[in-house]
């Protein structure tokens, strides 16, 4: 009994490991001391709400980490790094994949909630998908999903311009809220399907551009109470920015224009336009002259 | 369509009367709107156009006192959002009913215009059916696209001109250009047709009827000089009273609408509702031959010379069509619209409605037989579109790199448009909308009271 209680107390604070990735601008960049972020205390409905309303105009992974550090609750304890009772975060993401074909696909994620989290009585699982450049989520599509009660809440932050190609756009973040009940802990898995769409990619001689996904950031939060604007919500940090190198790489190959086509495409496009214009011009002038001749004969 | 004096053979059966067609069309559209609501609620693929959701959201923002431009991708006049504010407090389908009613109104206007020009009833009916029973037409309004509103306004402008109502024509012209920028291309032929020898304000101008072609007086034949001479004489009297009035009224309405919109919504309105359409280049795939060229150059910038060169074919075609056909106003604006869409930097399917509403107005004057020349044109045009859609499907839904094939399909679509346009020109029986005053008998001149 005492052992169980100690285990429960120690698992209040959860360690999140992020392993260094190969590129600093990829999703899933490791943070050397991210294990010190235990829980957040936020007063907004969404964790990301205040990120883009401050000085940040685009998503940067290191700035995001600093942002989370500033949202930390002041009363967190730092657990022992060698405590064997702390369950590693890698067990949370069971499965991650991009499914579908073409420019409109779904990012599937299965999350395993460990029964010990039930003791914290935090009722909302919050998932932050920091999307890579090259893909976007349609806020209006997500709204209609929310209306069908698939998520309890969802919002897109960052660049929500759906029309720009990737080389003229910035990254965006999708924050998803899912209500969790004791049944979810028994069943063991929560599955999420996030519809995503491809932007037009930078030109590439291979004809395809690869977009790679890291892992989402996971939090377990107390429920947001409507109209209690200044009440702080506590969010337990489950996982932040897991590197794609630790898990199976999730990627999406998107068709891209081929630079080698440029010259002859431009030349033939203009040639076609000129040829068509001349055809219509000649037909118009000839038709006009034929009508004049006909009327002259009739007179 | 062959000509002849109207007799019992020219009268369609009762079930095909215009009134019956209109009632049936109305029932069909109501059914589609109701069905659309059901599909939206029960199926993953929505019936409603995504643009309608944009309009409704913008209208809802306006109804709550905010700017409609807070809704991303809302690129229309605030008037549209204002028209759809009942969506928020009455029913979300109000806008669809409004657009479908406009669609039926277009059918009514087509019938009115053709009857004014004494087209036999049977030919009128068939022409109206080309609009009312075109699957593209009856789905576009019921899905919530606003183009039928624009079409109705343009046809009303034609009717106003035919009735000698210059100020009304000018008012609606200013409004429609504010609403949707593209009708600006009609400015030159309308101005040219307001020649004081043809059109006098306050008088119903003499119309050239459908039967008139065989009964032209020698005087009227000698009036038909070369197109260059006609253009020269028209330009000589450029600053006639009617032209100045039309310019002032339409320009005034256009500026007033823009000023009011700017007062309420500032630069957001200017950029989203006007400048965006004037400068739009979209690298994403569409029917235009320019899309891949734009995508391949999108990382850089086009020089001013390159932009000018790309505009030249469009400008040349528009000028040629106006110069040759301005007297046959309806035919002229039909050709201009087809050419404008075909040579545009961006082509989406909704643009086709712009000339679909004018097609029934030129069919009675076409010598093209459905078998087999007409069918060939239809098959080529639809075939080229279908071919493009096939490659579009491969790119967008299968994720294959088929940009080159898609671009070639765009070239073929331009070729099909050109072929159809040339055929229509060759088979058209030129018929000016108005006859000249000095050549017509007094009975054709009616004073407006």
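The values are calculated or read from the model by the stated rules, or taken from the named source; none is laboratory data. Just so it is clear, the structure is predicted and the values come from calculations on it, not from any experiment. Cβ placement follows ideal geometry from the backbone for every residue including glycine, while neighbour counts extend to all protein chains displayed.
Taking interchain pairs and intrachain pairs at least six residues apart, which have beta carbon atoms under 9 angstrom, with the first residue in the stretch A:239-261 and facing chain B (nearest Cβ under 7 Å) and the second at pLDDT below 80 and crowded, with 18+ Cβ neighbours inside 10 Å?
A:257/B:283
Could you say whether any residue in the stretch B:335-343 is away from chain A (no Cβ under 14 Å) and either surrounded by fewer than 19 Cβ atoms within 10 Å (Cβ to Cβ) or closer than 22 Å to residue A:277 by Cβ (or both)? Can you show your working first?
So in the stretch B:335-343, the residues away from chain A (no Cβ under 14 Å) come out as none.
Checking the stretch B:335-343: not a single residue is away from chain A (no Cβ under 14 Å) and either surrounded by fewer than 19 Cβ atoms within 10 Å (Cβ to Cβ) or closer than 22 Å to residue A:277 by Cβ (or both).
Could you name every one of the helices (runs of 4 or more DSSP H) located completely within the stretch B:191-300 that has at least 2 residues being within 14 Å of another protein chain (Cβ to nearest Cβ), modelled with pLDDT of 80 or more and surrounded by 17 or more Cβ atoms within 10 Å (Cβ to Cβ)? Please lay out each step first, then the result.
Numbers: elements: B:218-223, B:227-236, B:241-269, B:276-279, B:291-296.
Once the helices (runs of 4 or more DSSP H) in the stretch B:191-300 are filtered for at least 2 residues that are within 14 Å of another protein chain (Cβ to nearest Cβ), modelled with pLDDT of 80 or more and surrounded by 17 or more Cβ atoms within 10 Å (Cβ to Cβ), what remains is B:291-296.
Does residue B:397 fit the bill of being surrounded by fewer than 20 Cβ atoms within 10 Å (Cβ to Cβ) and either without any contact (Cβ under 8 Å) to a residue 40 or more places away in the chain or within 14 Å of chain A (Cβ to nearest Cβ) (or both)?
Values: surrounded by fewer than 20 Cβ atoms within 10 Å (Cβ to Cβ): yes; either without any contact (Cβ under 8 Å) to a residue 40 or more places away in the chain or within 14 Å of chain A (Cβ to nearest Cβ) (or both): yes.
It is true that residue B:397 is surrounded by fewer than 20 Cβ atoms within 10 Å (Cβ to Cβ) and either without any contact (Cβ under 8 Å) to a residue 40 or more places away in the chain or within 14 Å of chain A (Cβ to nearest Cβ) (or both).
Picking from B:31, B:90, which residue would you name as being without any contact (Cβ under 8 Å) to a residue 24 or more places away in the chain and closer than 30 Å to residue B:265 by Cβ? Please lay out each step first, then the result.
Numbers: B:31 fails: closer than 30 Å to residue B:265 by Cβ.
So the residue among B:31, B:90 that is without any contact (Cβ under 8 Å) to a residue 24 or more places away in the chain and closer than 30 Å to residue B:265 by Cβ is B:90.
Is there a residue being modelled with pLDDT under 95 and within 11 Å of chain A (Cβ to nearest Cβ) anywhere in the stretch B:345-364?
Yes, because at least one residue in the stretch B:345-364 is modelled with pLDDT under 95 and within 11 Å of chain A (Cβ to nearest Cβ).
Tell me, yes or no, whether the stretch B:357-369 has at least one residue that is over 28 Å from residue B:198 (Cβ atoms) and free of Cβ contacts under 8 Å to residues at least 40 places away in the same chain. Outline the logic, then answer.
Of the stretch B:357-369, the ones over 28 Å from residue B:198 (Cβ atoms) are B:369.
After this cut, where a residue has to be free of Cβ contacts under 8 Å to residues at least 40 places away in the same chain as well, the list is B:369.
Yes, because at least one residue in the stretch B:357-369 is over 28 Å from residue B:198 (Cβ atoms) and free of Cβ contacts under 8 Å to residues at least 40 places away in the same chain.
Would you confirm whether any residue within the stretch B:31-39 is buried (at least 16 other Cβ atoms within 10 Å of the Cβ), within 14 Å of another protein chain (Cβ to nearest Cβ), at pLDDT 90 or above and on the phi < 0 side of the Ramachandran plot?
For the stretch B:31-39, residues buried (at least 16 other Cβ atoms within 10 Å of the Cβ), within 14 Å of another protein chain (Cβ to nearest Cβ), at pLDDT 90 or above and on the phi < 0 side of the Ramachandran plot: absent.
Here is a list of conditions, (1) more than 14 Å from the chain's Cα centre (by Cα); (2) more than 21 Å from residue B:80 (Cβ to Cβ), and residue B:187 meets all of them except one; can you say which number that is?
So residue B:187 meets the others, but not (1).
When you look at residue A:116, is it at pLDDT below 90, farther than 22 Å from residue A:59 by Cα, away from chain B (no Cβ under 14 Å) and surrounded by 15 or more Cβ atoms within 10 Å (Cβ to Cβ), yes or no?
yes
Of the conditions (1) surrounded by fewer than 18 Cβ atoms within 10 Å (Cβ to Cβ); (2) in contact with a helix residue (DSSP H, G or I) (Cβ under 9 Å, 6 or more places away or on another chain), residue B:307 fails just one. Which one is it?
Failed condition: (2).
Let's see how each residue does on (1) within 13 Å of chain A (Cβ to nearest Cβ); (2) within 20 Å of residue B:288 (Cβ to Cβ); (3) in contact with a strand residue (DSSP E or B) (Cβ under 8 Å, 6 or more places away or on another chain); (4) assigned to a loop (DSSP other than H, G, I, E, B):
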position	(1), (2), (3), (4)
B:386	no, yes, no, no
B:393	yes, yes, no, no
B:409	yes, yes, no, no
B:425	yes, no, no, no
